[in-house]
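Participant: So that we are looking at the same thing, I have put the structure below in structure tokens.
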Amino acid sequence: MKQLPRLSTAQIWNMSVGFLGIQFGFALQNANASRILQTFGANVEHLSWFWLAAPITGMLVQPIVGHYSDRTWTRLGRRRPFFLAGAIFAAIALIFMPNSGSLTLFIPPMLIGAGMLMVMDASFNVAMEPFRALVADKLPNEQRARGFSVQATLIGIGAVVGSLITYVLAEWLGVSKTADPGIVPSNVIYSFYVGAAVLVGAIIWTVVTTKEYSAKELKEYGVVEDSDDSKEKDAGFMQIFKDFAAMPKTMKQLGLVQFFSWLALFGMWVFTTPAIAQHIYGLAPNDTASAEYNNAANWVGVLFGVYNGVAAIFAFTLPFLAKKISRKGTHAAALAIGAVGLTSIYFIQSPTMLIVPMIAIGIAWASILSMPYAILSSALPAAKYGIYMGLFNFFITMPQIVNGIFGGPIIKRVFDSQAIYALIIAGVSLLIAAVSVVFVEDKMEK
């Protein structure tokens, strides 16, 4: 059987440029969705419920997209049609979400905003997982850690710009950062317009510069099997459930790691803005119209840019560290460092000093974006990369749903709406994930 050819550095980067655009939009959402929803009237304790749109749509969409991207053959290939379509719909949602207040006279803008959040997340998910599978389609096993690390780097670059853009527009370019109650500030609205343009442009770059192998070529390389029997073809949608039941042992073990990792990340994304506004700036839980609140929210965008920038840089070191201390050791250490960073926020009183824990979180984020997928790809059957990458998303979406349902009520009833405790819970969860990595079986180590 022929081996997949090694790709050049330029080819590996070109096939992953689209991830830069996806993460640009994703970073805009992470840094600003809570702010937008609070502007439209959401209370702090209800934010996690609105954010449920993300994991629920991901849980439904990604396995289906993975299943059908394994079986779709077009002139564009089998992965590129999905992330091109996802980019277009995500861009539309990015344009409409901050303008929800002016879209309707009969439906509360908060519900329109939540609806746009759901459309945005569904579209991101349509685009995202085929990119993971594309690495397995195109790269031989010895280059996959590098491929996922390049993705992590481009994710970091896109996220840095996406996180910082609202701050840059307001503080450097003079775009208004305040607005009347119920209206999203202009710097946020314009940043979403830029994000939509970058997202579509980056995806088109990958579509134009990256050629997928044909079905015949993938069979020769052993990525698609000739013995794809008719029973499996006839099973259709039910095959997703059969594949889930037959998932490899390594995937189950990584599932526990992912559960606690993404439980932490969801809590961080949802509650960082109110936590910083309350704990560092001394604001009331639902003070969203003041200039001081908008300063806090803009600074959170800068902090998110810091951790994403660190992730982009640290991702370059991951293949080297994986060779020295193993992929498992690298991931466990990175998660532990991130756990320390999250819990340390409670003890900080200066906005500037928050940069330090963000450096630690960036190290963890770089590893979360690459190491689990590198470990998983070695344990998957070649013909089912798409479906299993999609099913792996269950271990990302389920903890977010759990946190989304229970996180807000816990913060309100147990911690008197003090969002800083959500970040402490996130730190403990990330530490549990670090310990769980020890028990994962990595096929490459064997």
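Rule-based calculations on the coordinates, nothing more; no lab input. Treat the numbers as computed from the prediction; the structure is a model and nothing was measured. All Cβ positions, even for glycine, are placed from backbone atoms using ideal geometry, and neighbour counts span all protein chains on display.
Participant: At 7 Å along the Cα-to-beta-carbon direction for both Ala215 and Ser350, put a label point, then send me their distance in nm to one decimal.
Facilitator: The modelled label-to-label distance comes out at 6.3 nm.
Participant: Separate question: Contact order normalised by length for the chain, with contacts defined as Cα pairs under 8 Å and 6 or more residues apart; what percent is it?
Facilitator: About 29 percent, as a whole number.
Participant: Build a GNM of the chain with springs between Cα atoms under 10 Å: which of Ala197, Ala284, Ala53 gets the top mean-square fluctuation?
Facilitator: Evaluated over the chain, the most mobile residue of the options is Ala284.
Participant: May I ask you to sort Met59, Met268 by Cβ crowding, counting other Cβ atoms within 10 Å and putting the fewest first?
Facilitator: Going from least to most buried by this count: Met59, Met268.
Participant: Pull out a ≥ b ≥ c, the square roots of the eigenvalues of the alpha-carbon gyration tensor of region 311-356, then state rounded if a/c is under 1.5, prolate if not and a/b is larger than b/c, and oblate in the remaining case.
Facilitator: oblate
Participant: Quick check of the Kirkwood formula: for region 285-334, what is the inverse mean of 1/r over all pairs of different Cα atoms, in Å?
Facilitator: Over region 285-334, the inverse of the mean reciprocal pair distance is 13.3 Å.
Participant: Relative to the compact globular guide of 2.2 N^0.38 Å, what is the alpha carbon radius of gyration of region 149-230, as a ratio?
Facilitator: 1.79
Participant: Which parts of region 111-128 would a label at Arg71 reach, counting a residue when its backbone N lies under 17 Å from a point 7 Å out along Cα-to-Cβ?
Facilitator: Counting only backbone N, you get no residues.
Participant: Can you grab the distance from the C-alpha centre of region 264-293 to the C-alpha centre of region 363-407, Å, no decimals?
Facilitator: 28 Å
Participant: Starting with the highest mean, order 129-139, 23-33 by the number of other Cβ atoms within 10 Å, averaged over the residues of each peptide.
Facilitator: In decreasing order of mean packing, 129-139, 23-33 become 23-33, 129-139.
Participant: How would you rank Val44, Val61, going from fewest to most other Cβ atoms within 10 Å of each one's own Cβ?
Facilitator: So the ranking, lowest neighbour count to highest, is Val61, Val44.
Participant: Sticking with this one: Please report the orientation-averaged projected area of region 98-164, defined via the convex hull of its C-alpha atoms, in nm².
Facilitator: Projected area, direction-averaged: 5.7 nm².
Participant: Under a 10 Å cutoff between Cα atoms, tell me which one of Leu256, Leu376, Leu173 has the largest fluctuation in the Gaussian network model of the chain.
Facilitator: Leu173
Participant: Could you put Val223, Val306 in order, starting from the residue whose Cβ has the fewest other Cβ atoms within 10 Å?
Facilitator: The order, fewest Cβ neighbours first, is Val223, Val306.
Participant: Normalise the Debye intensity by I(0) for region 277-402, one equal point scatterer per Cα, no solvent, then take log10 at q = 0.10, 0.14, 0.15, 0.17 Å⁻¹ and round to two decimals.
Facilitator: -0.44, -0.76, -0.84, -0.97
Participant: Express in whole angstrom the spacing between the alpha-carbon centres of region 2-51 and region 145-193.
Facilitator: Going from one Cα centre to the other spans 11 Å.
Participant: Please report the equivalent ellipsoid semi-axes of the chain, computed as sqrt(5 x eigenvalue) of the Cα gyration tensor, largest first, in whole Å.
Facilitator: 35, 24, 20
Participant: At 222 nm, what helix-only mean residue ellipticity would the chain give, in deg cm²/dmol to the nearest 500, using -39500 (n - 2.57) for each DSSP H run of four or more?
Facilitator: Rounded to the nearest 500, it is -24000 deg cm²/dmol.
Participant: If you take every residue apart from Trp51 with its C-beta less than 14 Å away from the C-beta of Trp51, what net charge results, scoring Lys and Arg +1 and Asp and Glu -1?
Facilitator: Computed value for this residue: -1.
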